[in-house]
Amino acid sequence: MHLSYLFLSRYSTEINDILRGMIITSLHTQEKNKLVMTLERDSENKYLEFSCDPFLIYMNLRQSFHKAGQNYTDFITESLPSQILSVKIAVGDRVIKFECREIDIYFLIRGRFSNLFFSDKSNVLDTFKNLKDDNRTKIFNELKSSFYVTNGIESITPPSIDYAEPDEVKKQYPFFSKDIYQLSPYQLNPGNIISAKSISSAIHDFASMQFSLVDDKGGKHRIVPDNWAADKNPILTGQSAINIVDELIRSSFYKSYQRDLKEKVATYLERELIKIDKSVIQISQRQSEGNRAEVYRAAGTLLLNNFSMLKKGMDHFTGADQSGNPVEIKLKNQYSPKQNVDYYFEKARDEESSFEKYSELLTNYGIKKAKIAELLDQVNSLTDQKELEKIAHKLKIKMDQGSKPKSESPGKFREYIIDDHYHLFVGKDSINNDLLTLHFAKKEDLWFHARSVPGSHVVLRVNGDYKEIPKSVIKTAAAVAAWYSKAKTAGLSPVAFTQKKYVVKKKGMEPGKVMLMKEQVILVRPEIPSNCKIVNDSII
């Protein structure tokens, strides 16, 4: 309802009364799909936030806003500051126009195609969301040709006839959406006749009433005129259009945070159950194989008895057991003879110790699994955010309280997907490498770079335990890192990889330069393997 033409008309009228005469000092974005207009008048500051997120489109007036110290983008800086002369709405269309002395700004509301256009009165200077030139010009010409008024509701001609069905009303009044029919207190007359009086009453309510926030019983909050709220579980009443939108945004973000928190806790618990199941299967398989301590001890004894025949670099030794049967024992070629002997005796001791604990471990895993399953059922049924936060804190799950610019900008890097599941990000230059590694990558992500040659930083997104990522995926990521380096034409290239938390940049280092606190090295052929598909290769 907050995006219906009737409500937007009322909202633009209220915004016009407040913002007319204020100076736009900046337009910037620091979150995906959100743009903030900073306004000043004398010592007074206000902030108008625009959201083009298809899941929650809005225009919201805020009294305060914290601008990020970095990782933001400014728009049309050369045309600002500029004073707002008026705020208008297109007749019959959901387009809000900010008429300023030097520029015009259009907020176009079109679902996932919602956007902002910045114009110097004649030509498009920029758009918030990127558009191809021909689309941008076409849409801007349509925006310019529309007729704008400060009160869109006053431009609506009241109906003079009754209508037989909603589709007939839509032809004459396109803004009469399904929401209005469902939430309006003006019911259809017998025979489903929609009277001219009921339509006029609805229009009048949006023009003159204060507004309420109601729960539509489906868990979704809606904005309606006050006299529509009586039987709809009103959460808040008697608000201006500006204030009620602010409350809607707050409640929506609260619900979103609560939903994300529940999902994060539930996912953590489900992952723990999977880990337990894997451990139980491994232990059960080991139990079924029997205690191998004597096998390892016999191997160690055989090696010890033939110690003079062992040499470093051997990968196996063939001898005879007590019955004279040939026995082949695998050796670690990097170990000395003594280390190989010690290795098998150590394995025998570990096997005896572990086998004694298998039954106890299975019992403990069973108890732990039952507790986690019970907690998961509790989490899935919880609606109290504080209880969810207590559980998250107990499980040491960190929950972001707000969006961070670094996690909202994958489009700034080349993006690939491996095996249709694992996301891989590739830096484009030295500065972009720093942005990828220092601001976008999470500490548990895997970081790759071709060894000893210039090249792109490459980050493999890790959701969970990186040790669970298949070796084939790590090899693919390393091959991509080698491809985007000076070793691209080499037959084989060594690639260093580690978790991002072990990648550091000291003060004074050149752009793109980092240090590794620990690393592993893998030898790969530089290429983009067939299981690695490009997702994005353009800068947003």
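Structural remarks
- Label-to-label distance, nm, for residues given as ASN130 and PHE345 (7 Å Cα→Cβ offset): 6.6 nm
- Alpha carbon centroid spacing (whole Å) that separates region 47-119 from region 305-379: 66 Å
- Only Lys, Arg (+1) and Asp, Glu (-1) charged, at Cβ; the chain dipole about Cα centre in debye: 1860 debye
- Per residue of the chain, the DSSP helices (runs of n ≥ 4 H) give a summed -39500 (n - 2.57) that works out to -12000 deg cm²/dmol at 222 nm.
- Taking other C-beta atoms within 10 Å as the exposure proxy, LEU48, LEU310 rank LEU310, LEU48 from fewest upward.
- Residue exposure proxy: THR489, THR237, ordered by other Cβ atoms within 10 angstrom of their Cβ from fewest to most, comes out as THR489, THR237.
- Each Lys and Arg contributes +1 and each Asp and Glu -1, all at the Cβ; summed about the Cα centre of region 278-339, the dipole is approximately 320 debye.
- Label-point gap, in nm, between LYS170 and SER279 - each point 7 angstrom along Cα→Cβ: 5.7 nm
- The mean of 1/r over all pairs of different alpha-carbon atoms in region 1-51, once inverted, gives a Kirkwood hydrodynamic radius of 12.2 Å.
- Förster-model FRET efficiency, 22 Å R0, GLU294 and LYS338, C-beta, rounded to 0.05: 0.50
- In this structure, the residue pairs whose Cα-Cα separation is over 19 Å, taken from LYS32/LYS443; LYS97/LYS138; LYS34/LYS67; LYS46/LYS220; LYS369/LYS394, are LYS32/LYS443; LYS46/LYS220.
- Given LYS338/LYS505; LYS88/LYS129; LYS278/LYS390; LYS488/LYS518, the pairs whose alpha carbons are separated by over 31 Å: LYS338/LYS505
- Charge dipole magnitude, Cβ of K and R +1, D and E -1 - region 156-248, Cα centre, debye nearest 20: 100 debye
- Added length on full extension, which subtracts the Cα-Cα distance from 0.36 nm per residue, ILE417 to HIS28: 137.0 nm
- Evaluated over the Cα positions of region 258-405, the convex hull gives a direction-averaged projected area, one quarter of its surface, of 13.8 nm².
- Where only C-alpha atoms are counted, convex hull volume of region 409-536 per residue in Å³: 97 Å³
- Using only alpha carbons, region 1-139 has a radius of gyration to Kirkwood radius ratio (Rg to Rh) of 0.93.
- With the highest mean first, a sort of the peptides 341-350, 437-446, 503-512 on other beta-carbon atoms found within 10 angstrom per residue produces 437-446, 341-350, 503-512.
- Model label points for GLN63 and ASN364, set 7 angstrom from Cα along the Cα-to-Cβ axis, are 5.5 nm apart.
- Karplus-derived 3J(HN,Hα), 6.51/-1.76/1.60, for each residue of region 110-127, Hz, glycine and proline x: 9, x, 5, 9, 4, 6, 10, 10, 10, 10, 9, 5, 10, 10, 6, 8, 6, 10
- The chain: relative contact order in percent, alpha carbon pairs under 8 Å with at least 6 residues between: 9 percent
- Contour minus Cα-Cα distance for ASN123 and ALA196 (0.36 nm per residue): 22.1 nm
- Residues LEU523, LEU261, LEU375, sorted so that the one with the fewest Cβ neighbours within 10 Å comes first: LEU523, LEU375, LEU261
- Cα convex hull of the chain, projected area averaged across orientations, nm²: 36.6 nm²
- Gain on full stretching of the segment that runs from ARG250 to ASP215 - 0.36 nm per residue minus C-alpha separation: 11.2 nm
- Comparing ALA90, LEU361, TYR106 along the charge dipole axis of the chain, the residue lying farthest to the positive side is LEU361, per the Cβ-charge model.
- With the convex hull drawn over the C-alpha atoms of region 156-248, the volume per residue is 104 Å³.
Read the figures in this text as sums done on the coordinates, not as results from a lab. Values in this document were obtained by computation on a predicted structure and should not be read as measured data. No Cβ is skipped: glycine too gets one built from the backbone with ideal geometry, and neighbour counts run over all protein chains shown.
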